[in-house]
Every structure is written in C-alpha cells, then in structure tokens.
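Here the structure is laid out as structure tokens; the discussion comes afterwards.
The values are calculated or read from the model by the stated rules, or taken from the named source; none is laboratory data. This structure is a prediction, so every number in the text was calculated from the model and none was measured. When we count neighbours, we look across all protein chains shown, and the Cβ atoms used for this are built from the backbone with ideal geometry, even at glycine.
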Amino acid sequence: MWTGDSCGHVDMWTGDNCGPVDMWTGDNCGPVDMWTGDTCASGASRSELVLQHVGPDVLTPENNNDKWCYLMSPEEFEEQFKCCICLHVHSDPVSIVCGHNFCLDCIEGYWDSRGRWECPLCKRTFKKRPELRINREFADIIDFIKRSLRAAREDGGVDAVAPERRHETNKVPCDICLGHKATAVKSCLACQASYCETHLAPHGKVAALQRHRLTDPATFSSRHLCRIHDEPLTMFCKKEQMPLCASCSEGKHQHHQVVPLEKESRRTKSHLRATKVNVVQMIQARLGKMEEITNSLDLSKKVTERELQSGAQVCSKLIAAVLRQQAELVEELERRQEEAEQKAEQLLAELEQELDELRTKGGELQHLELTQNTLDLLQGFQTLGALPPSRDWSQVSVCSDHSAGTVRRAVGRLVGVCQEAADVLSAEEVDRMSRYAGVFSLLPQPGSTCIIWTVGSLTLFFVSAVDVTLDPDTASGWLLLSADGKKVSVSGQRTPLPSSPQRFDTCVCVLGKRSFTCGRRYWEVEVGHKSEWDLGVARESINRKGVITVRPDSGYWAICRRNGGSLSACVSPSVPLPLQETPRRVAIFLDYEDGSVSFYDAEAKTHIYTFSGCSFTEPLLPYFNPCLQDNGRNAAPLVICPLARGK
C-alpha cells in the first residue's frame with residue numbers, strides 16, 4: 001500500500017483484484033507522489049518520497065534551504081496530514097479495510113456514536129466492525145513531520161513561511177464587511193467578532209460598546225475559534241466546564257447543560273467578586289484574630305506578673321502569720337509557765353508557814369506531856385489542845401500540763417488565716433472569671449441569655465449561658481430521660497435499646513446533645529440532696545463501652561460526690577474538695593480557648609474547683625452521671641436548670 005506496487009493487484013485488506021491504490025484517495029493508480037501527483041519509483045516508502053522530493057537535508061531547522069520555506073507553510077503542511085474527523089494532525093493513526101487513515105480514538109468514537117460501521121470518507125459500510133491496523137509507516141511520517149514542524153517553529157515560528165506569504169497569514173478579515181473584506185484591526189471579546197477601521201468606529205462612540213474589551217485579531221482568531229469546527233466559541237458546557245461553538249453544543253454536548261459564553265462569564269465574574277470579598281473578609285478576620293492573640297498574649301503576661309505578685313504577697317502574709325502565731329504561742333506558753341511558778345511559790349510559802357506553826361505547836365504539846373501536875377496538865381491542854389487554822393490541802397494541786405490546747409488553738413488560728421487567704425483568692429478568681437465572660441461592669445446585649453451573680457458589691461454577668469438538652473442516643477439503657485430532655489434518673493430495670501457507638505452500655509451515663517468547639521459556655525444542674533453524682537464535660541471521642549475511668553487523661557473533666565460525703569475532683573489521685581456546705585445546684589463554666597472547666601455553687605455563688613491548663617482539641621459535650629439508686633437513697637434525678645435573665 002505504500003509503494004504503489006500491485007502485488008499481483010490484490011488488495012491486502014479485502015483480497016480483491018485491484019490496481020495500486022493510493023492510501024489518501026483510494027483511487028486505482030500507479031505510484032503517485034502525494035505532493036505533485038506524479039508517479040514515482042515503486043520501491044520507495046512515503047518517508048523516502050518526502051525526502052526524494054524535498055531533499056534529505058531540507059527538513060531540519062539547521063538547514064536554510066529555501067525549498068522548505070517556499071514549498072508550503074507549516075499550516076499547509078499540517079493540513080495534508082489532518083484527520084478528517086477531529087481536523088487535527090493524526091494521533092495514533094490506524095487504517096481500515098478501505099485504505100483510509102484516522103486517529104484511533106476518532107474512528108472508534110465515530111463508530112460508537114453512529115451505531116453502524118462505515119468509512120467517514122468513502123462511506124463504505126461493513127457488515128461487522130472492521131479490524132483496525134496500526135499504519136506504522138504513516139505513523140513514522142506523521143511523527144517525522146511533527147518533529148520537523150516543531151523544530152522549524154521553535155527556530156523561527158512564522159519565519160518558516162515564505163516572505164511574500166507571511167503578511168497574508170497574519171491578516172484577519174473583518175466579519176462585517178460584505179464582498180471584499182477589509183483587514184480587521186481589532187477583535188471584540190464581547191461581540192465575538194473582528195472589525196476593520198470603519199466597522200470598529202461604533203466601539204469608540206457608543207457608551208455601551210465602549211465597555212467591551214478589544215484584543216489583537218490574530219490572537220482572537222486563534223484563541224476564540226473552535227479547533228474542531230473553526231467556528232466562534234459562543235457557548236459554555238457547565239458539565240465539562242469548557243467553551244463550545246454552536247456545532248459542538250448541538251453535537252456531543254447536546255444533552256449537557258449549555259449556556260451562552262457571555263452569561264457564564266458574567267456568572268463567573270460575579271462569583272469571582274464574591275470570592276474576592278470573601279477572601280478580603282477572611283484576611284480581615286485573620287488579621288483581627290492575630291491582633292486578638294497578640295493582645296491576649298500581652299494580657300497573659302500582665303496577668304502572670306500580677307499573679308506572681310499576688311502569690312508572693314499571699315505567701316508573705318502566710319509566713320508572717322505563721323511567725324506571728326509562733327511568737328504568740330511562745331509568749332503564751334511562757335506566761336502560763338510563769339503563772340504556774342508563781343502559784344506554786346505561793347502555795348509552798350503558805351505550806352512552809354503552816355509547817356512552822358505546827359512544829360511550834362508540837363513542841364508545846366510535848367512539853368505539856370512531861371508535866372507531873374494534873375491540874376497544870378488539864379489547864380494547859382485546854383489552851384494548847386486546839387490546832388492552828390490551816391487550808392484543806394487535799395483539794396489543792398498544781399497542773400503540770402498548763403499548755404494543753406494552746407498549740408491546737410494556735411493551729412486553728414493559722415487555719416483561719418489560711419481560709420481568709422483562700423477566700424480572697426476565690427473572690428479574685430470569681431472576678432477574673434467574670435472578666436473572661438467579657439462583661440465585668442458591662443450590661444448584656446438585648447435578647448441574650450444571661451446569668452447575673454451578685455457577690456458582695458460585685459455584679460457578674462455570664463452572657464454565655466446555653467440551653468443544654470440530654471441526648472437519648474448516648475443514654476445507657478438503665479437511665480430514664482424526661483420527654484423534654486432536662487431530667488435523668490436511674491431505672492430499676494434495663495430498657496432494651498439499639499446498640500450504637502454513641503451509647504454507654506454499662507455505666508449509667510448520658511451526654512448533652514450540643515457539642516462545643518469554641519467560646520465560653522455556662523449551664524447549671526440541680527443535684528438536690530442526691531448522695532452520689534458526676535457532672536462535667538467529656539470529649540466526643542471518649543470510650544463509652546464497659547467500665548470507664550473518669551479523669552482528664554481519659555477525656556473527662558468532672559467533679560463527683562460519693563456516699564453522701566464531700567465532693568471530689570475526678571483526677572488521679574482523687575482531690576477532696578472540702579466545702580462549708582454541699583451545693584444543691586452546681587454551675588459549670590467552660591472556657592474552650594482558655595482550656596479551663598470551672599465548677600461553682602450556683603446558690604452560694606462560691607467557687608468549687610477549676611481544671612486549668614487543659615488542651616482541648618476536639619468537640620466537648622456536657623457529661624452527666626446520676627449514679628445508682630443505692631436502695632432508694634439516691635433515686636432523685638439530675639435536673640438541668642432553666643436559665644433566666646437576671647437570675
């Protein structure tokens with residue numbers, strides 16, 4: 001098929017007797033040169049024919065032989081090797097049985113879309129799908145020409161065209177002129193047309209046309225024409241996001257959503273403007289956040305310095321109080337010792353005096369006993385027989401432990417001093433929490449849910465109060481939830497519930513529906529006289545199956561009460577929380593950015609405990625555990641309190 005020899009005049013595809021067939025035309029002929037139409041040596045390949053006609057050294061960019069330049073332009077050269085389906089230079093060329101060549105993808109797509117097998121050129125039909133044969137020599141020619149054209153263009157582009165034709169290839173005709181078309185000087189992107197000087201004039205005079213964007217005609221013609229149909233690109237396929245000509249929109253894209261190109265351009269510009277505004281807003285938001293973080297860091301440094309000073313002052317006061325109590329204790333013990341010594345000396349002196357009197361009385365009685373005269377004995381005994389007055393010493397004693405209770409009382413006074421310091425620190429912390437809530441001495445915004453606390457002369461507004469509701473999908477089967485999702489208690493028997501990863505299966509726990517990933521949140525829970533309960537927050541990813549451990553490293557930040565005793569912070573080891581009164585209503589305050597969870601006695605307005613320095617990296621949920629009934633002693637429910645303004 002390449003040489004033109006008849007090979008016995010048998011077609012290699014069909015087996016029919018025929019003369020030599022040209023691969024481009026399909027006509028019976030002798031070997032024909034594809035450029036001149038002259039017959040040529042039958043033993044030469046097409047690649048050799050090209051070289052024979054043009055010369056072996058002409059098709060290289062290094063050679064300046066004018067035969068290449070004046071033979072044909074690169075565009076004309078490409079035109080000789082275009083696929084009749086895609087109108088591009090052949091890619092992966094194949095031949096069918098009639099001898100015509102096509103791109104592999106083009107001919108397969110053509111047959112798939114038609115539903116019958118025919119040649120697009122000669123319209124010859126086939127009973128079955130023809131076998132496609134790779135035309136290797138033709139592919140070599142195509143590859144050779146592509147490389148040669150690419151080298152020529154890289155070497156000079158349009159310089160490969162003959163000088164007398166170069167000016168003509170750059171000319172774009174006016175789309176408005178009738179008959180002889182003048183050369184266009186500008187092309188309009190909005191009108192999708194090219195204009196000569198005369199027809200371009202309205203674009204400089206009419207206000208509506210003055211807004212149109214003009215461009216170079218040569219650039220416009222190459223960029224705004226369909227590569228397949230050589231028609232203006234006036235439509236846009238939304239499915240494949242590509243511009244189309246009218247023929248494309250009525251062809252393979254006819255079932256796609258196609259809109260006018262100008263309409264899509266307006267929509268894109270509108271979307272671009274909205275995106276630009278969004279980007280500006282995002283930049284401003286991030287600049288604001290950077291400023292906020294910087295200010296927070298500066299404030300943190302000031303707060304730390306203030307805390308260091310406050311801590312040093314408190315410690316100095318405590319040390320001074322200890323030294324003062326020590327001095328007072330020594331002084332009191334020495335005074336008591338001195339008083340005991342003085343009392344003992346008085347008693348000893350009094351005893352010494354009585355001993356002297358008794359010794360004198362004993363001597364007189366002994367002398368009287370030696371008297372022989374009876375009358376003198378009787379009269380003398382009446383005078384000397386009475387004992388001298390003295391104290392009943394059986395009831396007199398001196399306490400050797402005169403300091404008993406003194407040290408204990410001193411320690412008690414020290415405890416009082418420490419408690420006063422703790423109260424001061426607690427008040428300062430409440431003050432700081434109010435500032436964290438953003439409303440110290442500041443009225444809340446209208447319509448916001450607000451909790452107002454009055455502590456002495458200080459008024460605190462917690463503007464971040466939230467409405468918490470229990471999530472039944474997380475509740476254990478042992479729990480009873482109220483219809484409004486505000487109460488939870490433990491049932492006497494387990495309710496069969498569908499198993500899910502969100503549900504607690506063993507522990508009698510439940511979580512809130514709403515999760516928190518930022519900001520400050522506040523809610524209250526009534527615990528009443530329950531002897532056991534847990535309250536706090538938990539990570540969304542906590543383990544909910546089997547026995548759970550409530551502590552921060554397991555994703556829980558909570559406090560609890562057990563066996564009717566005092567409260568404890570759920571950490572390892574447990575931290576007891578001694579309080580003057582057990583709270584009946586507990587307030588929980590979460591500051592996500594600060595990494596803290598604080599608990600308060602909502603009725604007494606006093607601080608209970610704070611988890612600080614936490615690193616929250618995922619959503620947090622309110623956590624509730626009403627604990628077991630304990631034979632009815634702990635049957636009361638946990639109740640989420642409604643939060644009213646000005647409470």
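The combined condition, being in contact with a Ser or Thr (Cβ under 7 Å, 6 or more places away or on another chain) and either touching a residue at least 12 places away in the same chain (Cβ under 8 Å) or of a type in the set (Ser, Thr, Tyr) (or both), is fulfilled by residue 329. Just wondering, is there one or more residues in the range 545-557 that are assigned by TED's automatic domain parsing to the domain that holds residue 635, closer than 23 Å to residue 637 by Cβ, modelled with pLDDT of 90 or more and of a type in the set (Gly, Ala, Ser)? Checked against the condition, which is being assigned by TED's automatic domain parsing to the domain that holds residue 635, closer than 23 Å to residue 637 by Cβ, modelled with pLDDT of 90 or more and of a type in the set (Gly, Ala, Ser), the range 545-557 yields no hits at all. Hey, among 187, 113, which residue is at pLDDT 75 or above, under 21 Å from residue 229 (Cα atoms) and assigned to a strand (DSSP E or B)? When all the criteria are applied, what remains is 187. Taking the options 308, 323, 318, name whichever one is exposed (fewer than 11 other Cβ atoms within 10 Å of the Cβ), within 30 Å of residue 594 (Cα to Cα) and hydrophobic (A, V, I, L, M, F, W, C). Checking each option against the conditions leaves just 308. Across the range 612-625, the number of residues qualifying as buried (at least 20 other Cβ atoms within 10 Å of the Cβ) and at pLDDT below 95 comes to 1. Once the range 190-234 is narrowed to residues that are surrounded by 16 or more Cβ atoms within 10 Å (Cβ to Cβ) and β-branched (Val, Ile, Thr), the residue that is modelled with the highest pLDDT is 234.
Considering (1) free of Cβ contacts under 8 Å to residues at least 24 places away in the same chain; (2) basic (Lys, Arg); (3) under 15 Å from residue 477 (Cβ atoms), the lone condition that residue 551 does not fulfil carries the number (3). The residues of the range 336-347 that are over 13 Å from residue 391 (Cβ atoms) and surrounded by 11 or more Cβ atoms within 10 Å (Cβ to Cβ), listed by number, are 336, 337, 339, 340, 341, 343, 344.
Scanning the range 110-122 for residues that are closer than 21 Å to residue 89 by Cα and either charged (D, E, K, R) or exposed (fewer than 15 other Cβ atoms within 10 Å of the Cβ) (or both) returns a single hit, 122. Identify the residue in the range 247-305 that is farther than 25 Å from residue 212 by Cβ and of a type in the set (Val, Ile, Thr) and, among all such residues, is surrounded by the most Cβ atoms within 10 Å (Cβ to Cβ). Ranking the candidates gives 303 first. Could you please let me know if residue 575 is of a type in the set (A, V, I, L, M) and surrounded by fewer than 17 Cβ atoms within 10 Å (Cβ to Cβ)? So residue 575 fits the description; yes. What are the residues in the range 599-623 that are of a type in the set (Ser, Thr, Tyr) and either without any contact (Cβ under 8 Å) to a residue 24 or more places away in the chain or farther than 21 Å from residue 540 by Cβ (or both), if any? Hits for the range 599-623 are 600, 606, 609, 610, 612, 615, 617. In the range 483-495, the residue that is surrounded by the most Cβ atoms within 10 Å (Cβ to Cβ) out of those that are without any contact (Cβ under 8 Å) to a residue 60 or more places away in the chain and closer than 22 Å to residue 630 by Cα is 491.
Checked against (1) under 30 Å from residue 83 (Cβ atoms); (2) over 43 Å from the mean Cα position of the chain (by Cα); (3) part of a loop (DSSP other than H, G, I, E, B), residue 212 passes all but condition (1).
The set of residues in the range 240-265 that are over 20 Å from residue 189 (Cα atoms) and not in a loop (DSSP other than H, G, I, E, B) contains only 250.
Out of 365, 378, 384, 370, one residue alone is at pLDDT below 75 and either at positive phi or among the hydrophobic types (A, V, I, L, M, F, W, C) (or both). It is 384.
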